[in-house]
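Asker: Okay, here's the structure, questions in a sec.
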Amino acid sequence: MVREFAPTLDQSAVGSFRQAFAGEIVLPDDPGYDAARVVWNGMIDRFPAIVARPTNAPDVISAIRFAREQQLIVAVRSGGHSIPGFSTCDGGIVIDLSAMRGVRIDPERRIAHANGGSLLAELDDGAQAHGLACPVGVVAHTGIAGLTLGGGMGRLQRKLGLTIDNLASVELVTADGRLVRASEDENADLFWGLRGAGANFGVVTAFEFRLHPIGPTITQGFVLHPIERARELLALFREFVASSPDEVMTTFAVGLALPESDFPAEIAGRPFALISTTHCGPAQAAERDLAAIRAFGPPAMDTIAPKSYLAVQHANDEGMRWGHRFYMKSGYMASLPDEVVDRCAEHVSNAPGDCSFSIWAWGRAIARVPDDGTAYTGRDARFWVAAEALWDDPNQDEAHIGWGRAAMASLMPFTVAGHYVNDVVESGDDVVRSIYGDAKYQRLVALKRAWDPDNVFRLNQNVRP
Ligand code: FAD
């Protein structure tokens, strides 16, 4: 085991830290160290000097104080899903909030209180016990914190907006070790920045979300067709996205039918195009509203059916389990010309493995929030597009990363300004500026100077003070 990146810390300082800290502390020589340093993306392999697992906000304050005294770089982890691996580090401290999970629901007020380290599953499960939901992402083991602080896209976004559009307040520990609250009425400027650039300003220890009646049954699934029908299917998607009600969230994808055993023989191993849809209204309305998708010729597969909302929210958990290697690039689009699908088909046909494109319908509830209302940028887009590669063999890293870069580069002529921060794997000032645009970037720099002038929280798409 190579541990040269994990320096030995001053033992007396660690001893004092232990006294002020109720949670678990894991050091490189401890038996749990290798498990404690793992994050979701199998490509990321780093060696922190210490992993601290706070149990409450005072513990987080102690961890930040210790990190600052010892001049350690700080990584903050909730769900560990950061695609570029921002929630771990070499030689620094990981403040791992996995001991600060738990969601409490107030069904009368339709509010969820989530501890800072909670996962989406806890919010989904807790809220559904009362017939409620908050719009969150599509893989239930993702952390609420990282997802929310970047924006939060998901299956309910056309009706209920992004996760941040349903965020009522947060509590966070700041770089100078204070516990503060931010909402529309309290530290409103900070609340603005937390909704889209939130990893820059502190460690969030608690969130409050607004909930809405959803489920328990919704209608969800996909129709899958051979790639030869991709252009026609794209035309249907365009028209369907424009005309369907807000209850309907629809995505278009081009991929390879892998593993072959999951697909009918006529399509197995071949490129496909599909439309996937979620209707969060009653089954009868879904049957009517989704009819056009099902009427589009005989599909190779049709999985659209009434399902439990929770089952849908957990459906991707196994396929996207911890340990796979993953790379992605994404952008926003104002329109969706046919050339887009031609390029997707061409790149998928030459892919080194499980590589795909997804195009999500944007707008509606997302676009009803004014663009300058939050730091998140991209509300005016009509579509979001991503090229994604998933693999296991480290020898295939170059081929898959190269595929992702070339695939997204071929779509750049069709994209518009802005990026969803949680998808961006490259870093640097120019990258961060391209995420937010100049005006918001300047406002974020001013906020960063006010709340984290020493850039303690820099393992993120970093807004430098
Ligand atoms: P972590 O790796 O723990 O943290 C990510 C970032 O947030 C880091 O910069 C970290 O410093 C910061 N952070 C973490 N916790 C805190 C905290 N408590 N306070 C302050 N900062 C903190 N995004 C969507 O919008 N919708 C999706 O459907 C979706 N699906 C995904 C599926 C998978 C399999 C993966 C890997 C990612 C997905 N994402 C999705 C992207 C996801 O939102 C981001 O990767 C997000 O950052 C993950 O949050 P986390 O808490 O799990 O990550």
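The values are calculated or read from the model by the stated rules, or taken from the named source; none is laboratory data. Remember, predicted model here, so these are calculated numbers, not experimental data. Note that each Cβ is placed from the backbone with ideal geometry, even for glycine, and that neighbours are counted across all protein chains shown. Keep in mind that these areas ignore ligands, DNA and RNA; they rest on the heavy atoms of the full protein, side chains included. Shrake-Rupley method; radii C 1.70, N 1.55, O 1.52, S 1.80 Å.
Matching residues to (1) more than 12 Å from the ligand (Cβ to nearest atom); (2) in a helix (DSSP H, G or I); (3) touching a strand residue (DSSP E or B) at 6+ places or on another chain (Cβ under 6 Å); (4) more than 21 Å from C89 (Cα to Cα):
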| position | (1), (2), (3), (4) |
| --- | --- |
| G418 | yes, no, yes, yes |
| E426 | yes, no, no, no |
| D430 | yes, yes, no, yes |
| R433 | yes, yes, no, yes |
| K440 | yes, yes, no, yes |
| V445 | yes, yes, no, yes |
| K448 | yes, yes, no, yes |
| N455 | yes, no, no, no |
| R458 | no, no, no, no |
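Asker: Give the range 172-186 a look and list any residue that's under 12 Å from P58 (Cβ atoms), in a strand (DSSP E or B) and open to solvent by less than 80 Å² (accessible area, probe 1.4 Å), or say none.
Answerer: V173, the sole residue that qualifies.
Asker: In addition: Out of all the residues in the range 89-118, which are acidic (D, E) and either within 9 Å of the ligand (Cβ to nearest atom) or touching a residue at least 12 places away in the same chain (Cβ under 8 Å) (or both)?
Answerer: Answer for the range 89-118, where residues must be acidic (D, E) and either within 9 Å of the ligand (Cβ to nearest atom) or touching a residue at least 12 places away in the same chain (Cβ under 8 Å) (or both): D90, D96.
Asker: Exactly one of (1) of a type in the set (V, I, T); (2) away from the ligand (no atom under 11 Å from the Cβ); (3) touching a Phe, Trp or Tyr at 6+ places or on another chain (Cβ under 8 Å) is unmet by T219. Its number?
Answerer: Here T219 clears every test but (3).
Asker: If we scan the range 223-230, do we find a residue that is free of Cβ contacts under 8 Å to residues at least 24 places away in the same chain and either more than 16 Å from the ligand (Cβ to nearest atom) or aromatic (F, W, Y) (or both)?
Answerer: Checked the range 223-230: at least one residue is free of Cβ contacts under 8 Å to residues at least 24 places away in the same chain and either more than 16 Å from the ligand (Cβ to nearest atom) or aromatic (F, W, Y) (or both).
Asker: Select, from F209, F222, the only residue that is part of a strand (DSSP E or B), open to solvent by less than 40 Å² (accessible area, probe 1.4 Å) and modelled with pLDDT of 95 or more.
Answerer: F209
Asker: Kindly evaluate F237 against the criterion of being in a strand (DSSP E or B), open to solvent by less than 10 Å² (accessible area, probe 1.4 Å) and touching a Phe, Trp or Tyr at 6+ places or on another chain (Cβ under 6 Å).
Answerer: no
Asker: Do you know which of the residues in the range 77-88 that are open to solvent by less than 10 Å² (accessible area, probe 1.4 Å) and more than 6 Å from the ligand (Cβ to nearest atom) is farthest from V456 (Cα to Cα)?
Answerer: Within the range 77-88, the match that is farthest from V456 (Cα to Cα) is G85.
Asker: Within 18 Å of the chain's Cα centre (by Cα) and more than 16 Å from G331 (Cα to Cα), is that true of N455?
Answerer: Spelling it out, it is not the case that N455 is within 18 Å of the chain's Cα centre (by Cα) and more than 16 Å from G331 (Cα to Cα).
Asker: Report every pair of residues separated by at least 6 positions or lying on different chains whose Cβ atoms are under 8 Å apart, first residue within the range 365-381 and over 14 Å from L167 (Cβ atoms) and among the aromatic types (F, W, Y), second at pLDDT below 95 and open to solvent by less than 30 Å² (accessible area, probe 1.4 Å).
Answerer: If the second residue must be at pLDDT below 95 and open to solvent by less than 30 Å² (accessible area, probe 1.4 Å), no pairs are left.
Asker: Hand me the list of strands (runs of 3 or more DSSP E) wholly inside the range 47-158 holding 1 or more residues that are acidic (D, E).
Answerer: Where strands (runs of 3 or more DSSP E) fall fully within the range 47-158 and carry at least 1 residues being acidic (D, E), they are 93-96, 103-106.
Asker: So which residues in the range 326-354 are within 30 Å of D124 (Cα to Cα) and out of contact with any His (no Cβ under 7 Å at 6 or more places or on another chain)?
Answerer: Correct list: F326, M328, K329, Y332, M333, D354.
Asker: Go through the range 261-318 residue by residue and tally those that are within 30 Å of Q128 (Cβ to Cβ) and of a type in the set (A, V, I, L, M, F, W, C).
Answerer: Going through the range 261-318 one residue at a time, the tally reaches 17.
Asker: Of all residues in the range 106-145, how many are more than 14 Å from the chain's Cα centre (by Cα) and open to solvent by 30 Å² or more (accessible area, probe 1.4 Å)?
Answerer: Qualifying residue count for the region: 11.
Asker: Of all residues in the range 24-46 being in a helix (DSSP H, G or I) and small (G, A, S), which is nearest to A75 (Cα to Cα)?
Answerer: A36
Asker: Which of the numbered conditions does S62 fail, given that it passes all the others? Conditions: (1) at positive phi; (2) in contact with a strand residue (DSSP E or B) (Cβ under 9 Å, 6 or more places away or on another chain); (3) more than 10 Å from the ligand (Cβ to nearest atom).
Answerer: Every condition holds for S62 apart from (1).
Asker: A further question follows. Quick check: is even one residue across the range 148-157 more than 9 Å from the ligand (Cβ to nearest atom) and closer than 19 Å to N460 by Cβ?
Answerer: no
Asker: Could you tell me how many of the residues in the range 242-280 are open to solvent by 10 Å² or more (accessible area, probe 1.4 Å) and either in a helix (DSSP H, G or I) or without any contact (Cβ under 8 Å) to a residue 60 or more places away in the chain (or both)?
Answerer: 17
Let's see how each residue does on (1) away from the ligand (no atom under 16 Å from the Cβ); (2) touching a Leu at 6+ places or on another chain (Cβ under 9 Å); (3) of a type outside the set (K, R):
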site: I366; (1), (2), (3): no, yes, yes
site: D371; (1), (2), (3): yes, no, yes
site: T377; (1), (2), (3): no, no, yes
site: P394; (1), (2), (3): yes, no, yes
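Asker: Does the range 8-23 contain at least one residue that is in contact (Cβ under 8 Å) with a residue 24 or more places away in the chain, assigned to a strand (DSSP E or B) and more than 30 Å from D393 (Cβ to Cβ)?
Answerer: no
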